[in-house]
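K.L.:
Just dropping this structure here.
The values are calculated or read from the model by the stated rules, or taken from the named source; none is laboratory data. Note that the coordinates shown come from a computational prediction; the quantities given were computed from them, not determined experimentally. Cβ atoms come from the backbone with ideal geometry, glycine included; neighbour counts cover every protein chain shown.
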Ligand code: PGA
């Protein structure tokens, strides 16, 4: 049985005081929701403060990015060791990083390797762009992203994958539950080929892209979808709580 996971990716939003306010708004209720792992991914500068606020609760902490070197002269970067001290999860290979910061498959791979080595739990993002989707290349693109991201990685213990079609991120145009489930099924089969069926069956694979309180149930009901990576809706306490609550209810009957 895979315990679902809902991660809130706050992206480049919230000042330190806004981050604190957002956590305080949902802390008690979020802490009480069972049968689902809840992860908050605030900006780097708020990690320590959010970490303090959620200490002793069932809520977990994640970062949105990491560099692959352990330490040294890399001005402005944050290493896996620094993060491992503060949080449990880290998002790697988000399409915004690939698109705006030129993160290649090789860079994503180095980040995955470094994060796992430091004991972090990576949330690896994959997903096709609109033109790739329209050209019927989803399967090829996603498989290639998985192969390059996981090159040389012998154990994926601790890994979560998020399928995020780029055309669905921040656009309000979510995939349908059925579409997302199909591609996530493909991802699971690819992982099975690489690591074996048991590991593939244990792996959590999330959907991400315009998930809201209005469509969360549709995704969570799908057999292969194990949760969501939520952007915009994670910045609103009531929306995020609703998504987490819906996931919890469905996980008990799934
Ligand atoms: P969105 O973002 O929910 O705002 O579409 C999802 C993501 O980028 O992880």
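K.L.:
I need the full set of residues from segment 5-35 which are over 13 Å from residue 45 (Cβ atoms) and either within 16 Å of the ligand (Cβ to nearest atom) or modelled with pLDDT under 95 (or both), in order please.
P.N.:
5, 6, 7, 8, 9, 11, 22
K.L.:
Quick one: how many residues across segment 103-123 are within 14 Å of residue 39 (Cβ to Cβ) and crowded, with 22+ Cβ neighbours inside 10 Å?
P.N.:
Adding up the residues that qualify gives 3.
K.L.:
Quick one: in segment 217-247, of everything that is within 14 Å of the ligand (Cβ to nearest atom) and assigned to a loop (DSSP other than H, G, I, E, B), which residue is farthest from the chain's Cα centre (by Cα)?
P.N.:
Among residues in segment 217-247 that are within 14 Å of the ligand (Cβ to nearest atom) and assigned to a loop (DSSP other than H, G, I, E, B), the one farthest from the chain's Cα centre (by Cα) is 236.
K.L.:
I've got another one for you. Residue by residue through segment 120-172, note down the ones that are part of a loop (DSSP other than H, G, I, E, B), within 16 Å of the ligand (Cβ to nearest atom) and farther than 16 Å from residue 93 by Cα.
P.N.:
170, 171, 172, listed by residue number.
K.L.:
List the number of the failed condition for residue 172; all other conditions in (1) touching a helix residue (DSSP H, G or I) at 6+ places or on another chain (Cβ under 6 Å); (2) on the phi > 0 side of the Ramachandran plot hold.
P.N.:
Failing condition for residue 172: (1).
K.L.:
Would you tally the residues in segment 95-119 being within 16 Å of the ligand (Cβ to nearest atom), in a loop (DSSP other than H, G, I, E, B) and farther than 13 Å from residue 68 by Cα?
P.N.:
Summing the residues that are within 16 Å of the ligand (Cβ to nearest atom), in a loop (DSSP other than H, G, I, E, B) and farther than 13 Å from residue 68 by Cα in segment 95-119 gives 1.
K.L.:
OK, next. Would you say residue 55 is in contact (Cβ under 8 Å) with a residue 24 or more places away in the chain and either within 21 Å of residue 7 (Cα to Cα) or surrounded by 17 or more Cβ atoms within 10 Å (Cβ to Cβ) (or both)?
P.N.:
In short, no.
K.L.:
Within segment 183-195, is even one residue within 15 Å of the ligand (Cβ to nearest atom) and touching a residue at least 60 places away in the same chain (Cβ under 8 Å)?
P.N.:
Scanning segment 183-195 turns up no residue that is within 15 Å of the ligand (Cβ to nearest atom) and touching a residue at least 60 places away in the same chain (Cβ under 8 Å).
K.L.:
Regarding segment 188-208, can at least one residue be identified that is closer than 25 Å to residue 13 by Cβ, assigned to a loop (DSSP other than H, G, I, E, B) and modelled with pLDDT of 95 or more?
P.N.:
No, that holds for no residue.
Residue-wise test of (1) in contact with a strand residue (DSSP E or B) (Cβ under 9 Å, 6 or more places away or on another chain); (2) buried (at least 22 other Cβ atoms within 10 Å of the Cβ); (3) within 26 Å of residue 76 (Cβ to Cβ); (4) free of Cβ contacts under 8 Å to residues at least 12 places away in the same chain.
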{"position": "6", "(1), (2), (3), (4)": "yes, yes, no, no"}
{"position": "9", "(1), (2), (3), (4)": "yes, yes, yes, no"}
{"position": "13", "(1), (2), (3), (4)": "no, no, yes, no"}
{"position": "22", "(1), (2), (3), (4)": "yes, yes, yes, no"}
{"position": "29", "(1), (2), (3), (4)": "no, no, no, no"}
{"position": "34", "(1), (2), (3), (4)": "no, no, no, no"}
{"position": "38", "(1), (2), (3), (4)": "yes, yes, no, no"}
{"position": "44", "(1), (2), (3), (4)": "yes, no, yes, no"}
{"position": "49", "(1), (2), (3), (4)": "no, no, yes, no"}
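K.L.:
Can we say residue 129 is within 21 Å of residue 228 (Cβ to Cβ), more than 16 Å from the chain's Cα centre (by Cα) and crowded, with 17+ Cβ neighbours inside 10 Å?
P.N.:
It is true that residue 129 is within 21 Å of residue 228 (Cβ to Cβ), more than 16 Å from the chain's Cα centre (by Cα) and crowded, with 17+ Cβ neighbours inside 10 Å.
K.L.:
Okay, moving on. Taking into account only those residues within segment 79-102 that are surrounded by 17 or more Cβ atoms within 10 Å (Cβ to Cβ) and touching a helix residue (DSSP H, G or I) at 6+ places or on another chain (Cβ under 7 Å), which is nearest to residue 53 (Cα to Cα)?
P.N.:
Selected residue: 87.
K.L.:
Quick check on my filter: what residues within segment 78-94 are under 26 Å from residue 22 (Cβ atoms) and in a loop (DSSP other than H, G, I, E, B)?
P.N.:
78, 85, 86, 87, 88, 93, 94
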